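The values are calculated or read from the model by the stated rules, or taken from the named source; none is laboratory data. In this text, all values refer to a predicted model and were calculated from it rather than measured experimentally. No Cβ is skipped: glycine too gets one built from the backbone with ideal geometry, and neighbour counts run over all protein chains shown. Surface accessibility is based on the protein's heavy atoms, side chains included, excluding ligands, DNA and RNA. Shrake-Rupley method; radii C 1.70, N 1.55, O 1.52, S 1.80 Å.
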Amino acid sequence: GLIRWNGRTIRVVDTARFVMPERVSTEQAIDYQSVVVLGDSHWALAVNNADQSVHLQPADIRWRETPGKRPWLAGTVLERLCALLDVDVLVTMLDASDTAQQVKADLANDK
């Protein structure tokens, strides 16, 4: 979807379906509550909740050593058992996606 944020149109991505589509069925509804804007990009991730910020130390992370089928995965935060995203790679992937091309075309047609 799209949201207006700080005078810009931000494209919101269904996080689960983008980063791990094999784990989410097309019929499954996910109740997202918030969005996280990815840096200075025109992208945001829909998330279940974003109620805290955590300061991480390099030792808190199991860094990914070799690229795999998930290039957006920078590492795993061990204590929280969650993924650490490489935002630059994720934005590049989103910009290159078919969805992005369609959204850009739709935005251009709306002007």
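Just a few scattered comments:
- Fraction of antiparallel bridges per DSSP, the chain only, in percent to nearest 5: 80
- Evaluated at q = 0.10, 0.15, 0.16 Å⁻¹: base-10 log I(q)/I(0), Debye formula over Cα of the chain: -0.34, -0.76, -0.86
- Using a Förster distance of 22 Å, the FRET efficiency for residue 53-residue 5 (Cβ separation, nearest 0.05): 0.75
- Value of relative contact order over the chain, rounded to a whole percent, pairs C-alpha under 8 Å and six or more apart: 17
- Positive-end residue of 7, 85, 35, charge dipole of the chain with Cβ unit charges: 7
- Protein accessible area in the chain, 1.4 Å probe - carbon and sulfur %: 52
- Nearest 10 degrees, 0 to 90: helix 87-96 Cα axis against the chain principal axis: 30
- Folded to 0 to 90 degrees: helix 98-110 orientation relative to the chain principal axis, Cα: 30
- Relative packing of peptides 61-67, 74-80 - highest average C-beta neighbours within 10 Å first: 74-80, 61-67
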